[in-house]
1. Return the only residue of Thr70, Thr65 being closer than 21 Å to Ala16 by Cβ and among the hydroxyl-bearing types (Ser, Thr, Tyr).
2. Is it fair to say Ser9 is at pLDDT below 90, open to solvent by less than 40 Å² (accessible area, probe 1.4 Å) and not hydrophobic (A, V, I, L, M, F, W, C)?
3. How do the strands (runs of 3 or more DSSP E) wholly within the stretch 20-136 filter down when requiring 1 or more residues that are open to solvent by 70 Å² or more (accessible area, probe 1.4 Å) and not β-branched (Val, Ile, Thr): which remain?
4. Run Asn7 past the list (1) touching an Asp or Glu at 6+ places or on another chain (Cβ under 9 Å); (2) free of Cβ contacts under 8 Å to residues at least 24 places away in the same chain; (3) farther than 27 Å from Asp135 by Cα and report the number of the one that doesn't hold.
5. Restricting the search to the stretch 80-99, which residues are out of contact with any helix residue (DSSP H, G or I) (no Cβ under 8 Å at 6 or more places or on another chain) and under 21 Å from Val44 (Cα atoms)?
6. Checking Gly41 against (1) within 18 Å of Ala66 (Cβ to Cβ); (2) in contact with a Ser or Thr (Cβ under 9 Å, 6 or more places away or on another chain), only one condition comes out false. Which one?
Amino acid sequence: MAITLVNPSGLPEVGAYRQVSVATGSKLVFIAGQVAWDADGATVGAGDLAAQVEQCYVNIGTALTAVGGTFEDVAKLTVYVVDWMPEKLPLFLEGVARAAVRLGTTPVPPGTLVGVAALDVPDHLVEVEATAVLDS
C-alpha cells in the first residue's frame, strides 16, 4: 500500500477520517470533483444529501478502479457541501457509511469539508475530489 493513515498523538481523533496520510508510492492520481451523477449523467438523489454523498464517493471509487486503485490509495479528499451547517453532519456521515458498504471499504483518508453557496448544477448538494498515490 502506498498510503498509511495516522492519527498522531497530540491531535484530536476524528471518527470520520484520519488526520494524516503518508504517501510512499510513485504514481499521483488527481480525481476531478465528483458530483451525484450516475454513469448516464443523471442526478442521483435530488434534494437528498446522504444519497448524493453516497453517489459522489461511489464515483470516486469508480475512477480509482479505472486507474488500478482503491480508496485505500487516497491520500486526501476535499468535499464541498452547499449551505453547510453542522446539523448536516449526520446526513453526510450516513452517505459515507452507505458508500462504504457499496465500496467494501471505509473511506477515511484526511479530508477537508468546505461549505459553498452553490455548485455547477442547482440539484447538486455535494462535490468530492480526491488525490491518490499508487505504488506504480
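1. Matching residue, one of Thr70, Thr65: Thr70.
2. Working: at pLDDT below 90: yes; open to solvent by less than 40 Å² (accessible area, probe 1.4 Å): no; not hydrophobic (A, V, I, L, M, F, W, C): yes.
Here the answer is no, as Ser9 does not meet what is asked.
3. Numbers: elements: 20-23, 27-34, 74-82, 111-116, 126-134.
Fully inside the stretch 20-136 and qualifying: 27-34, 74-82.
4. Of the numbered conditions (1) touching an Asp or Glu at 6+ places or on another chain (Cβ under 9 Å); (2) free of Cβ contacts under 8 Å to residues at least 24 places away in the same chain; (3) farther than 27 Å from Asp135 by Cα, the odd one out for Asn7 is (3).
5. If the condition is that a residue be out of contact with any helix residue (DSSP H, G or I) (no Cβ under 8 Å at 6 or more places or on another chain) and under 21 Å from Val44 (Cα atoms), then Tyr80, Val82, Asp83, Trp84, Leu89, Pro90, Leu93, Ala97 are the ones that fit.
6. (2)
The values are calculated or read from the model by the stated rules, or taken from the named source; none is laboratory data. On a predicted model such as this, the values are computed, not experimentally measured, just so you know. Cβ sites come from the backbone with ideal geometry, for glycine too, and all protein chains shown count toward neighbours. Areas reflect the complete protein model, heavy atoms only, side chains present, ligands, DNA and RNA absent. Shrake-Rupley method; radii C 1.70, N 1.55, O 1.52, S 1.80 Å.
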